[in-house]
Amino acid sequence: MKQIGHWIDGKLVPGTSGRFTDVMNPATGEVQAQLALATPAELDAAVEAAAKAQPAWAATNPQRRARVMMKFADLINQHMDELAELVAVEHGKTLPDARGDVQRGLEVIEVCMGAPALLKGEFTDGAGPGIDIYSMRQPLGVVAGITPFNFPAMIPLWKMGPALSAGNAMILKPSERCPSTSIRLAELAKEAGLPDGVLQVVNGDKEVVDAILDNETVQAVGFVGSTPIAQYIYGRAAANGKRAQCFGGAKNHMIIMPDADMDKAADALVGSSMGAAGERCMAISVAVPVGEGTAEALIERLVPKIEKLKVGPYTGGADVDFGPVITAQAKARIEGLIGSGVEAGAKLVVDGRNLKIQGYENGYFVGPSLFDEVTPEMEIYKQEIFGPVLTMVRRESYEDALTLVMENEFGNGTSIFTADGDTARDYASRVNVGMVGINFPIPVPLSYYTFGGWKKSAFGDLNQYGPDAFRFYTKTKTVTARWFSGIKDGVALNFKALD
Ligand code: NAD
């Protein structure tokens, strides 16, 4: 059986704990590797080595660090297919979707090629007589990134790009379900010129996460995952005096106004709720049709589109729309939630339970499901399902729809489909959600903006990637300097003989 260890000081090392977890192939239900789970002592040693490597990296001028990012981006492009396959075999998403996963991470590395411009400080000339004030951005030292299973390439790249190009060393703790992409990315970063020890990939579970949170050398923690863990990590990291930004789960609503283009809205709903088996933090999981007849007009279009979807392994051909969910437990949980919706009185229009794919009977496949007549008290509305399930909550007016979204505890993404600019502008301005789409279903901002939710979708300050990430991974130092007058007045320009 293949064993996966850690990436320490520029090389692969086996784990020493004797503790392992199985890395599954979600399409077949077979164990494909065993992943070593690090001990706190292994973590502490990785941090110590990173702390030794960091000062020289920080002293490397920002343009040279940016050149490493340039080469890294080039190598990611060259290895795109290989990286996508690594993502697909551990996560289960289709190859085109896996390529998108790598691509959206790569775009953050592309922005990091311009890191020197984002790291510039400020300067006030003549703040007083002979006085100048200037500020500089300095790296924090050793920082950590803790990432989820659902974007095995993109989110590690979101973390490492800004942190490393700002001159930090990083401890990356990827999801134990999909660890291989992070290790491959670390190999490519080394090939691009990143010095050994500056990026350490330490695999593990809660034990190693807690060790990161308690390690005194680690200055900052960037986390992405589910809301309860995000909240826990934020609390413990902050209590230990660390800077922390912890991004959590979501329940993203799409409001469909009666004047919307229903064909386009239906296409957008199917793609954004079912793509990647619904395992995206920006997936639309709640459709909110507004006014009389809107729900019917949508359902009429949604049902044939949903019934046509092909679920299968990533190796199943170009027409596979989405793959399995991540674990047997995730499948059981999703199917349990669908059952709870039926019991609570919601109308199950398309039932995706008990899907069996020939030749892949042990895979964790869940078919697409559509619910109508869902109400906010139901568990299928309250919980993040993280599966291919679209729920529909009908509302009579725009204001009612807006209130529903505003009262939801999550605030990651949302979308409105309408032909009316006034309604769209009002929604974008008033809704208490971090990322808004107008006739756009998954409004993940491009890499030169920033990504972050509101409410229980994020804890801590500043967003991921873009200018915010450079603020998060650096601290500001401000210098007030006075140079007394006199020297320049005393300069003698004549050619004097020595006394
Ligand atoms: P998760 O919270 O189970 O795991 C995330 C990370 O935390 C992993 O590295 C894991 O090893 C670690 N972890 C898990 N349990 C822990 C514990 N008890 N103590 C300490 N560490 C622990 O999340 P997941 O299932 O891997 O990912 C899916 C979740 O991530 C969804 O809720 C999704 O919405 C969310 N997500 C959010 C964003 C965002 O930017 N807001 C992006 C992607 C995914």
Checklist entry - Angle, helix 398-407 long axis vs. longest principal axis of the chain, Cα atoms, 0 to 90°, nearest 10? => result 60 degrees
Checklist outcome for this item: Per DSSP, the loop-located GluC sites (Glu not before Pro) within the range 126-213 having at most 10 other beta carbons within 10 Å are none
Item to check | Radius 13 Å from Cβ of VAL431, net charge of other residues (Lys, Arg +1; Asp, Glu -1) | outcome: 0
Checklist outcome for this item: Taking Cα atoms, the helix 294-307 axis meets the longest principal axis of the chain at an angle in degrees (rounded to 10) of 90 degrees
Item to check | Degrees separating the helix 262-274 axis from the principal Cα axis of the chain, which is the longest one | outcome: 70 degrees
Next on the checklist: Probe of 1.4 angstrom, ligands and nucleic acids ignored: what's the accessible area per residue over the range 345-499, in square angstrom?
Outcome noted: 54 Å²
Next on the checklist: Explain nothing, just compute: Karplus ³J(HN,Hα) = 6.51 cos²θ - 1.76 cosθ + 1.60, θ = phi - 60°, for every residue of the range 387-394 in order, whole Hz, x for Gly and Pro.
Outcome noted: x, x, 10, 9, 10, 10, 10, 7
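Quick one: pull the percent of accessible area on the chain belonging to carbon and sulfur, 1.4 Å probe, ligands and nucleic acids left out. Could the numbers behind the result be given before it?
Numbers: 11010 of 20990 Å².
C and S atoms contribute 52 percent here.
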Checklist outcome for this item: For the table LYS310/LYS455; LYS11/LYS52; LYS159/LYS456; LYS159/LYS310; LYS251/LYS331, the rows whose alpha-carbon distance is greater than 25 Å are LYS310/LYS455; LYS159/LYS310
Next on the checklist: If a paramagnetic tag sat 7 Å from the Cα of MET70 along the Cα-Cβ line, which residues of the range 98-130 would have the backbone N under 20 Å from that point?
Outcome noted: 106-120
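Could you rank ARG64, ARG104 by how accessible they are, 1.4 Å probe, largest area first?
Numbers: ARG64 140, ARG104 75 Å².
Per-residue accessible area, sorted high to low, gives ARG64, ARG104.
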Checklist entry - Using 20 Å as the cut-off for backbone N distance, which residues of the range 394-415 belong to the label zone defined by a point 7 Å from the Cα of TRP454 along Cα→Cβ? => result 398-415
Checklist entry - For the pair PHE484 and ARG19, how long in nm is the line joining their label points, each one 7 Å along Cα→Cβ? => result 6.2 nm
Item to check | Rg and Dmax of the range 252-438, Cα atoms only, in Å | outcome: 16.0, 52
Checklist entry - Among VAL143, GLY126, CYS112, which residue has its Cα positioned farthest towards the positive end of the charge dipole of the range 104-153, with +1 placed on the Cβ of Lys and Arg, -1 on the Cβ of Asp and Glu, and the dipole taken about the Cα centre? => result VAL143
Item to check | Estimated dipole of the range 97-173 in Debye, rounded to 20 [Cβ of Lys and Arg +1, of Asp and Glu -1, Cα centre] | outcome: 300 debye
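Where nothing but the Cβ of Lys and Arg (+1) and of Asp and Glu (-1) is charged, how large is the charge dipole of the chain around its Cα centre, in debye to the nearest 20?
On the way: 47 positive and 59 negative charges, 331 e Å.
Once rounded to the nearest 20, the dipole reads 1600 debye.
If you average 1/r over all unlike Cα pairs in the chain and invert the result, what Kirkwood radius do you get in angstrom? Spell out each step's value before the answer.
Numbers: mean 1/r = 0.0414 Å⁻¹.
One decimal place: 24.2 Å for the Kirkwood radius.
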Checklist outcome for this item: If every Lys and Arg gets +1 and every Asp and Glu gets -1 at its Cβ, then about the Cα centre the range 252-438 yields a dipole, in debye to the nearest 20, of 700 debye
Item to check | Within straight-line cross-link reach of LYS305, lysines at Cα separation under 22 Å, skipping those fewer than 8 residues along the same chain | outcome: LYS93, LYS264, LYS347, LYS356
Checklist entry - Of PRO62, GLY29, GLN78, which is farthest on the positive side of the dipole of the range 1-105, counting Cα position, with +1 on Lys and Arg Cβ, -1 on Asp and Glu Cβ, and the Cα centre as origin? => result PRO62
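The values are calculated or read from the model by the stated rules, or taken from the named source; none is laboratory data. Since the structure is predicted, the reported quantities are computational estimates derived from the model, not experimental observations. Positions of Cβ are backbone-derived with ideal geometry, glycine not excepted, and every protein chain shown enters the neighbour counts. In case anyone asks, the SASA skips ligands and DNA or RNA and just uses the protein heavy atoms, side chains included. Shrake-Rupley method; radii C 1.70, N 1.55, O 1.52, S 1.80 Å.
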